[in-house]
1. If you take the residues in segment 131-161 that are under 16 Å from R81 (Cα atoms) and within 16 Å of the chain's Cα centre (by Cα), which one is surrounded by the most Cβ atoms within 10 Å (Cβ to Cβ)?
2. Given the conditions (1) farther than 22 Å from S140 by Cβ; (2) touching a residue at least 60 places away in the same chain (Cβ under 8 Å); (3) among the acidic types (D, E), and given that D37 satisfies all but one, which numbered condition is not satisfied?
3. Quick test for you: out of P107, P52, pick the one residue that is under 26 Å from R152 (Cβ atoms) and touching a Cys at 6+ places or on another chain (Cβ under 6 Å).
4. Taking segment 35-60, which residues are under 14 Å from the mean Cα position of the chain (by Cα) and aliphatic (A, V, I, L, M)?
5. Name every residue in segment 46-68 that is outside any strand (DSSP E or B) and buried (at least 21 other Cβ atoms within 10 Å of the Cβ), in order of residue number.
6. Could you give me the residue pairs with C-beta distances under 9 Å whose first residue belongs to segment 96-114 and is more than 16 Å from E71 (Cα to Cα) and without any contact (Cβ under 8 Å) to a residue 12 or more places away in the chain, whose second residue is among the polar types (S, T, N, Q) and surrounded by fewer than 24 Cβ atoms within 10 Å (Cβ to Cβ) wherever it lies, and which are 6+ apart or on separate chains?
7. Checking V117 against (1) of a type in the set (V, I, T); (2) over 23 Å from K2 (Cβ atoms); (3) over 15 Å from the mean Cα position of the chain (by Cα): exactly one of these is not met. Which one?
8. Applying the selection to segment 3-34, what residues are out of contact with any Ser or Thr (no Cβ under 9 Å at 6 or more places or on another chain), assigned to a strand (DSSP E or B) and within 11 Å of M143 (Cβ to Cβ)?
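Readers should treat all values here as calculations from the given coordinates under stated rules, not as data from a laboratory. In this text, all values refer to a predicted model and were calculated from it rather than measured experimentally. Cβ placement follows ideal geometry from the backbone for every residue including glycine, while neighbour counts extend to all protein chains displayed.
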Amino acid sequence: MKIAVLSDTHIPARLGAIPGRVYEICAESDLILHSGDMVDRSVIIDLQRFAPLKAVHGNMDPFDITSKYPESLELELEGHRVCMTHGTGARFGIENRILKRFKSRNPDVIVFGHSHVFNNDIKNGVLRLNPGAVSGSIGSRTMALLTLEKDREPEVEKILF
C-alpha cells in the first residue's frame, strides 16, 4: 500500500495553492494521510479527488476542520498499527512526546506534524514519521511516501519539492 503523507499545508495562509508535485504523489497513492494544519477545508476536498483521505486537525485549523476531524487517529493498515496526530508545543523533543502519548496503543508507525521538520527514525521499534511542511520555503517543502506491506518493515521516501 502506497500512502502519501503530508502535513502543514497552511493554505492559503502561508501558501496560495497545493504544489503540483503533491498532486502527482497523491494520484499514485492508495491513501492520503494529512496530519493537520490544513487551515482551509478546501485542501481536504481538493486532495480527496486523488485517493481516500484520513486526517487529524492541527493547532491552526479553524472550527469547520476541528469539528470534523479528530485530534488523533488510529488505523490498521496492511497489518500495521498507525497512530496519527498533529502535535503541540516546542519543536525540540516533539518526537519523544508523541511516542510517549501513543505508547499504550503499541503503534508500529506514528505520523505527526507541527514542527515543519521532516523526521524519519525508529525508536523503541516505532517508526516516527513527520513529513515536514508542504508550506515550507521553496526548496525545503517536503512530504513523504510511506509504503506498508503485511509482514514487512515500513518504507519511507522523502519527497522534496
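1. Of all residues in segment 131-161, those under 16 Å from R81 (Cα atoms) come to 146-156.
In the following step, the residues that additionally are within 16 Å of the chain's Cα centre (by Cα) were identified as 146-148, 154-156.
Working: L146: 25, T147: 16, L148: 22, P154: 19, E155: 12, V156: 18.
Looking at the filtered set, the residue picked out is L146.
2. (1)
3. Answer to the check: P107.
4. M38, V43, I44, L47, L53, A55, V56 - these are the residues of segment 35-60 that are under 14 Å from the mean Cα position of the chain (by Cα) and aliphatic (A, V, I, L, M).
5. Scanning segment 46-68 gives L47, V56, H57, G58, D61, I65.
6. K103/N124
7. Looking at each condition in turn, V117 falls short on (3).
8. Matches in segment 3-34: I32 only.
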